[in-house]
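The values are calculated or read from the model by the stated rules, or taken from the named source; none is laboratory data. What you see is a predicted model; the values in this text were computed from it and never measured. For neighbour counting, all protein chains shown are included, and Cβ atoms are generated from backbone atoms with ideal geometry for every residue, glycine included. Accessible surface is based on the protein model in full, side chains and every heavy atom, while ligands, DNA and RNA are left aside. Shrake-Rupley method; radii C 1.70, N 1.55, O 1.52, S 1.80 Å.
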Amino acid sequence: MTDQTNSIPEPAPEHDDSPVSEAPSEAEIDREEARLDALDATPENRRRSSIILTVVAVLFIGVMALIVTHPPLSHEKQQSNTAVYRVMTEDVVDGPQTGDALSYAPIESPETYHLWMEHKSQFQHTTSVEIKADVIVDKPLRSVDSGVTIQLADVFAEVYNNGNHVELASTGGMLAGVSLYARFLPQSGLSSVVPDANINPQVARALYSIVDVLHFAWVPLSSYITPDAKWTFVDKADLIENAPYRRSCAVGVKHWDSTKQRAELNVTVGFVAGGANDKGTIDIVIERGKLISADGTIGRDSTNTSSDVKIEHHEVTFSLHRKDVD
């Protein structure tokens, strides 16, 4: 009898039914990017993107406009404070109480004057500065009531020492374009001035010399005028600390045409602590409240006793004429 061996079947290998993760194919990636692009192109998403870009552009323009109109470190707070602009003179005294009304007209648009001035100083050496320039008086965009700006344009400046020309680089260019702020009042003329920024001290000194001339040109006025009117004015004591330089001036009417409202004035310049050597005369023409011209010479002699007694002489001669008037 033959033995038969019953073979036991081997267990079948286990089958792993879990899904096999496969990297997405390039075709699938392209299909996904196309779907996203199609989503971005919908009208709703395009409208949302347009709104965002518009808001960003408006904000950028607004920031730039703010920087231009209100520059950093600007003196806007000072310019909005009327206390900064101090009236130079006391009230006019001895003026007529009746007659035709007299006052300066407000500055509503740019008014340009041609200025020529020469400032001579004699103390051991004689120095002189000659300046020719256009003086532009305008109403600023932001200021106190009755505020004005004063700027120079087309400036020509020369400096001489003992008659010898002193070469300075861009002398006139340093003066051009720098703004001064002041108040322009109907009876008092120009107030004290404030620069619009920190400027070179030499430039400030030259500008303030010019402003001194402008203060004499826009002389304080009486409220009324007659053909033979006279009045006086004096600088405020608390504003001009150096008493010898406080103006005390007398104004006389050379001619008054009530039809044209044209006044021709003569100003005799003196100083509170004046002496025989203090002198000055200015001829001024005003028509319908507008300054037409001012021509004058102002001189002062002073004594210096720091070592030997020496006489120092200062003299300013100037001519200021409105350019659009013959």
* Structure fact -> Using a 1.4 Å probe on heavy atoms of the protein chains only, the accessible area for residue 254 in Å², nearest 10, reads 120 Å²
* To do: Kindly state, to the nearest 0.05, the FRET efficiency for residue 313 paired with residue 283, given R0 = 25 Å and r defined as their beta-carbon distance.
  => 0.65
* Structure fact -> Given pairs 132/323; 236/260; 236/323; 230/260 and cut-off 24 Å on Cα-Cα distance, the over-length ones are 236/260; 236/323
* With all protein chains modelled, accessible area of residue 218 [1.4 Å, Å²] -> 10 Å²
